[in-house]
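Rule-based calculations on the coordinates, nothing more; no lab input. Quantities reported herein were computed from a predicted structural model and do not represent experimental measurements. All Cβ positions, glycine included, derive from the backbone under ideal geometry; neighbour counts span all protein chains shown.
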Amino acid sequence: MKILITGGAGYIGSHTIIEMLETTNWEVIAVDNYSNSTEDTYERIEKITGKAIKYYNIDLKDKDATHKLFLEHNDIQGIIHFAAFKSVSESVANPLMYYDNNINSLLNILACQKAFKVPYLIFSSSCSVYGNINELPVTEETPFNKTESPYAYTKQIGEQLVADFIKVNPALKAISLRYFNPVGAHKSGLNGELPLSTPSNLVPYITQSAIGKLSQLTIFGNDYNTKDGTCVRDYIHVSDIASAHVLALQQLIKTPHFPSQSIINLGTGVGVTVLEVIEAFEKVTDKKLNYTIGERRAGDVAAIYANNDKAKKLLNWKPIYTIEDMMRSAWKWEQCLNKK
Ligand code: UDP
């Protein structure tokens, strides 16, 4: 089985490759254009798994280059399409860049899935598609509200594109996985999130301020209608997200009656506030974070967490890592980066 991983040098892509190499005998082909990653991710993957994979520098917006890759590997059986921009705040500031990248790369992947008859696709979606929801936890049936950012809207559009496409291509199947907040790092501490500029996500911001790369952490608002006033998210270990991808592909392969398209939440089902994340980090590292309360951030929803029953049932999956595990591994990775 040959599997194409787009965005393979990125955060979730690389952890999924590790999981795949460790638990299956599939051949992995990775693609990335290093817009938010670096090529040495593949060295880290090799160090952890002892396996080298084939990888390509391709911008998936480039239709011809994408088509050429599929010509070279015309026996790809499954695609996991991670490659996309993912910063809420950046998308608010630069919407055209987000629409261009996230939509056009998906269109090219779908065209190649059809042209080369690739039976299975996993699409990276996001809980941001739900918008601001009052009734929590969200299930896959919870109707969308208006999105809070162009990033989130590219994921709503992406899911719809996949759905419309699969509907008229009955030989193909797809699963859209809605990630909640993936954090943490591989348990070895040898691979994790690697923001190329100042991070916009909470956990890398925490680890970088703890190690002294950043002077202070700002909590974006403490006047939300939540238990301590800070936003609530469903943080989930990146290795739990990775294992769900491998299981999703396995289910598609081995279950003939698996629905031709499905949408599945990937979260722990537990809502955690920003202050609780900070507390968990301080507890497992015995370090005090220097933080201040700032203004709310544009594009943020107040609270969201998942009902993950569908993932448990359809994928036979269960998240195994706690918020403490997430913080411990993220810190191990930050320290590993600092040794270089
Ligand atoms: N956050 C924060 N300070 C930061 C970065 C993030 O207070 O420096 C908050 C943010 O407002 C949100 C939560 O942490 O409530 C998670 O943000 P992140 O960007 O990690 O993920 P998102 O939920 O936006 O995808």
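Suppose R0 equals 25 Å. What FRET efficiency, 1/(1 + (r/R0)^6) with r the Cβ-Cβ distance, do L190 and I211 give to the nearest 0.05?
The computed FRET efficiency comes out at 0.90.
Please give the helix 150-167 orientation as an angle from the longest Cα principal axis of the chain, in degrees from 0 to 90, rounded to the nearest 10.
Computed tilt is about 30 degrees.
Could you give me the ³J(HN,Hα) list for the range 225-231, computed from phi with Karplus coefficients 6.51, -1.76, 1.60 and θ = phi - 60°, whole Hz, x at Gly and Pro?
Per residue, the Karplus-derived 3J(HN,Hα) values read 7, 9, 5, 10, x, 9, 5 Hz.
Go ahead and run the numbers for FRET between N145 and T24, Cβ-Cβ distance against an R0 of 35 Å, rounding to 0.05.
0.40
Between 0 and 90 degrees, rounded to the nearest ten: what's the tilt of helix 63-72 against the longest Cα principal axis of the chain?
60 degrees
Between K254 and L107, what is 0.36 nm times their sequence separation minus the Cα-Cα distance? Round to one decimal in nm.
50.2 nm
What residues have an amide H closer than 5 Å to that of V232, excluding those fewer than 5 places away on the same chain, when H is modeled at 1.01 Å from N in the peptide plane?
Amide H neighbours of V232, under 5 Å, 5+ apart: A303, I304.
Suppose we keep just the alpha-carbon trace of the chain; what are its Rg and Dmax in angstrom?
19.0, 55
Among the aspartates and glutamates, which have Cα under 15 Å from the Cα of K288 when same-chain residues fewer than 8 positions away are ignored?
Counting by Cα, and skipping residues close in sequence, K288 has these aspartates and glutamates nearby: E276, E279.
Give, as ranges by residue number, the residues of the range 99-121 whose backbone N falls under 20 Å from the point 7 Å along Cα→Cβ of V168.
Counting only backbone N, you get 103-121.
What nm distance separates the two modelled labels at E39 and N338, each placed 7 Å from Cα along Cα→Cβ?
3.0 nm
Would you calculate the separation in nanometres between label points at K68 and R296, each defined as 7 Å from the Cα along the Cα-to-beta-carbon direction?
4.8 nm
Return the percentage of antiparallel bridges among DSSP beta bridges fully within the chain, rounded to the nearest 5 %.
Here the antiparallel bridges make up roughly 5 percent for the chain.
Counting other C-beta atoms within 10 Å, and keeping those with at most 14, which DSSP coil trypsin sites (Lys or Arg not before Pro) do you find in the range 295-330?
R296
Among the GluC sites (Glu not before Pro) in the range 1-80, which ones are in a DSSP loop with at most 14 other Cβ atoms within 10 Å of the Cβ? Mind listing them?
E39
Of K68/K117; K173/K313; K117/K254; K114/K310; K54/K173; K61/K254, which ones are farther than 21 Å apart at the Cα?
The pairs that break the limit, which is 21 Å between Cα atoms, are K114/K310; K54/K173; K61/K254.
Please list, by residue number, every one of the GluC sites (Glu not before Pro) in the range 204-300 that is coil in DSSP and has at most 12 other beta-carbon atoms within 10 Å. Mind dumping the intermediate values first?
On the way: sites: E276, E279, E282, E295; in loops: E295.
Sparse-neighbourhood loop GluC sites (Glu not before Pro): E295.
Give the angle, between 0 and 90 degrees and rounded to the nearest 10, that separates the Cα long axis of helix 202-211 from the longest principal axis of the Cα atoms of the chain.
60 degrees
Output the pairs from K287/K332; K287/K339; K47/K318; K86/K312 with a Cα-Cα distance over 20 Å in this structure; if there are none, say none. Don't skip to the answer; put the middle values down first.
On the way: K287/K332 13 Å; K287/K339 18 Å; K47/K318 27 Å; K86/K312 26 Å.
Distance filter (> 20 Å) returns K47/K318; K86/K312.
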